[in-house]
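The values are calculated or read from the model by the stated rules, or taken from the named source; none is laboratory data. Being a predicted model, the structure only gives us computed values, none of them experimental. So basically every Cβ, Gly included, is an ideal-geometry build from the backbone, and we count neighbours across all protein chains shown. The accessibility values were calculated without ligands, DNA or RNA, using every heavy atom of the protein model including side chains. Shrake-Rupley method; radii C 1.70, N 1.55, O 1.52, S 1.80 Å.
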Amino acid sequence: MAAPSFSTTTLTPVLIHLLRGASDLASVAATHAKLLKAGFASTIASSNHLLAAYCRCGSMSHARDLFDRIRDRDVVSWTTLMSGYTASGRPQEAIAVLRAMEFSGVQPNVVTLSTAASACARLADAGLGRQVHARAEVAGCARDTIVCTALVDMYGKAGCVDDSRAVFDGMAAPARNAVSWGAMLAVYSQNALGNEAIRLFAELRTSGCGLTPNHFMLSSVLSACASVVRLSIGKCVHGAVLRLGHGNHEVIGVALVDMYSKCGCYEYSRKVFDRIEQPSVIPYTSIIVAAAKYGHGRCALAFLGEMVDRGVQPNDVTLLGVMHACSHSGLVDTGLQFLHSMKSKYGIAPCPSHYTCAVDMLGRAGRLEEAFGLAKEAQVEGNEALLLWNSLLSACRIHKRLDLATLAGQRVSEFNQDVAGGLVVMSNAYASAGQADNAAAVWSSMRQRGIQKDPGCSWIEVKDVSYVFYAGAVSCAGARADEVLMLLDELEYKMREKGYKGRLGSARVSDAHEDDGDGGKGVMVGVHSEVLALGFGLLVVPKGMTIRVIKNLRMCCDCHETFKFISDIVEREFVVRDLNRFHHFKTGSCSCNDYW
């Protein structure tokens, strides 16, 4: 029986179908060989399919060789190669291809320009992105939905949020699809503009032409709620997640774990995590980081053991979360074991963040000589080095080691930015040791260098409205300001009956963590912001509900004691999120066990 013969029109679609389904280099190369043998590989259509297949496999060397052999390259050829370079993390080469394309006389289309914008997004280069935007205007593609969405993303990745919004607002309402809305939401969320993201999501729900939010939109707005600690809105979004049937999506699950943990609801985070059927490394890392923030060191270790038993390999962020959990739980030796064994046990080399965490861990435990030894041994530079020495400086002050604090302060002062907090701690270390002249000298140096410290503040959310308090300033409470002060006076009297020795507000040398003075000596600091926020919360948050306070700095020892006393007196629970971790106050004690 004679073998069947196949015509060009019969065989070519079959081979192209094979190319589209190929996911590895061997399959693509085999199909390429069949096309060559059949004599069909020289057509532009076959060449473009081959080019796309090589790019899809990530084999850019094969893709480039093939591209260079194509005689009559069309816009699809050029765009496919650009897309391959962008997807493989080589955006500079993608931009070089765009320039060569224009030089060759081939005109870009909307896919070319959106791909170029995506390459600029990976580079976070607004200058190059503006050139692509200008090319889109010249080509008449600047209002195309695909191009606009790519430009929104590009400007957002480059930190040019206003430009992103301008492009988004320039789109006709019918042209804004789910991807466009999602891109703009992600821009706000990724640029720490959570309230703007929440407002945009509300706009989508009221005037989004009937669009239903997808899981990417929902995860973006949940991240926004987490960043600005908007628990009530986050719960509403969670409700929307369930109504829309996205409750089992891992991306949503991770966003919910993060949102609830950052809003002071670790128990809810745990419940969400427990409902993820087969968690990957990302959900495990999220719940480990959440446990770390609450000082649940042994829970974090249990999660790590569980994920390893399930065959899920931890990454560097997972192990950093475990080390943070050990640091906030006093499990110092366990944390150090992770530092020294992560390379041999998990194949992960310690990075600067791991060393910074280990130094903080030792300093928190008062093992300052070991901390200094590790700090000098670690190869840490740039911002990580500043974090390391700031952490060590704070530990030296807390443990009253002025000699070591001076050494750490000298290292902090060598940096040119983000040093205000460290220098204030150094000033307070001098002040605590009775060296007022040295404390004043630090402030004088800060003034000469133009260094200003952001004031400490705390905020509380009541009925979707955030109330921000600063030390000694109760005006945020509005008409209830006098009630807040009267309540705090009453509570101070009851605290003294129970043995409280401090004062809620008094004249003092500038505080270690919240200073509104100018010069750092003998100023009226007044009541700290978290205490004012608590007083307001006691007036407006119904009994039975947990009062949640957020603070932008580390909670000081005096306020920590105050919260413990008041939780016992009023028989209510408080959750405070400070710069480092969460504190859960209940019946006169704190979840941190006074170790933070």
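By how many degrees, 0 to 90 and rounded to 10, does the Cα axis of helix 436-448 deviate from the longest principal axis of the chain?
30
Cross-chain or 8 or more residues apart, Cα under 26 Å: how many lysine pairs in region 215-364 fit that? Count them up, please.
8
Sort the following peptides by mean Cβ neighbour count (other Cβ atoms within 10 Å, averaged over residues), highest first: 396-402, 75-81.
Ranked from most to least packed, the peptides come out as 75-81, 396-402.
Can you bin every Cα-Cα distance in region 129-229 into 5 Å intervals starting at zero and give me the percent of pairs per bin, rounded to whole numbers?
For region 129-229, the pair-distance distribution reads 2, 15, 25, 25, 18, 9, 5, 1, 0.
Just the accessible area for residue 93, please: 1.4 Å probe, Å², rounded to the nearest 10?
70
Suppose only helical runs count, i.e. DSSP H with n ≥ 4. What mean residue ellipticity at 222 nm does that imply for the chain under -39500 (n - 2.57) per run, divided by all residues and rounded to the nearest 500 deg cm²/dmol?
When only DSSP H runs of four or more count, the value is -20500 deg cm²/dmol.
On C-alpha positions alone, give me the angle between the axis of helix 75-87 and the longest principal axis of the chain, in degrees, nearest 10.
With rounding to tens, the tilt is 30 degrees.
Rank by packing, highest mean first: peptides 323-330, 229-236, 104-111, with packing defined as the count of other Cβ atoms within 10 Å averaged across residues.
In descending order of packing, they fall as 323-330, 229-236, 104-111.
Name the residues of region 369-397 whose amide N is less than 16 Å from a point 7 angstrom out from the Cα of residue 349 along the C-beta direction?
Residues 378-381 qualify, since their backbone N sits under 16 Å from the label point.
Note the per residue figure in Å³ for the convex hull of the C-alpha positions in the chain.
Enclosed volume per residue, from the Cα hull, is 207 Å³.
Could you rank the peptides 133-140, 145-152, 566-573 by their average count of other C-beta atoms within 10 Å per residue, with the highest value first?
Going by the mean number of other Cβ atoms within 10 Å, highest first, we get 145-152, 566-573, 133-140.
Which aspartates and glutamates, if any, have their Cα less than 15 Å from the Cα of residue 586, not counting same-chain residues under 8 positions apart?
Within the straight-line cut-off, residue 586 pairs with 561, 568, 571, 573, 594.
Out of all DSSP beta bridges in the chain, what portion is antiparallel? Express it as a percent rounded to 5.
80
How large are Rg and Dmax for region 310-406 when calculated on the C-alpha trace, in angstrom?
13.4, 48
With only alpha-carbon pairs counted, each pair once and no self-pairs, how large is the Kirkwood hydrodynamic radius of region 24-166 in angstroms?
After inverting the pairwise mean of 1/r, the radius is 15.6 Å.
I want to check the label-to-label distance for residue 45 and residue 454. Put each point 7 Å from Cα in the C-beta direction and report it in nm to one decimal.
Each label point is offset 7 Å from its Cα along the Cβ direction, giving 5.9 nm.
May I ask you to derive the relative contact order of the chain, considering only C-alpha pairs under 8 Å and at least 6 residues apart, and to give it as an integer percent?
6
Would you work out the Kirkwood radius for region 175-256? I mean one over the mean of 1/r across all pairs of different Cα atoms, in Å.
Final number for the Kirkwood radius of region 175-256 is 12.3 Å.
For region 520-596, what size does the Cα cloud have along each of its three principal axes, sorted from largest down, in whole Å?
On the principal axes, region 520-596 reaches 41, 28, 20 Å in Cα extent.
Students sometimes get this wrong: rank 437, 360 by accessible area, probe 1.4 Å, all chains present, largest first.
The residues order as 437, 360, largest area first.
All other residues with a Cβ under 9 Å from the Cβ of residue 588 taken together, and with Lys, Arg as +1 and Asp, Glu as -1, what is their net charge?
Neighbourhood net charge equals +2.
FRET efficiency for residue 178 and residue 589, Cβ-Cβ distance as r, R0 = 51 Å, nearest 0.05?
About 0.60, to the nearest 0.05.
Enter the accessible area of residue 494 (Å², nearest 10), with the probe set to 1.4 Å and all protein chains included.
Around 80 Å² of this residue is reachable by solvent.
Please work out how much length the chain gains when fully extended from residue 244 to residue 298, using 0.36 nm per residue of separation minus the C-alpha to C-alpha distance, in nm with one decimal.
Difference between extended and current length: 15.9 nm.
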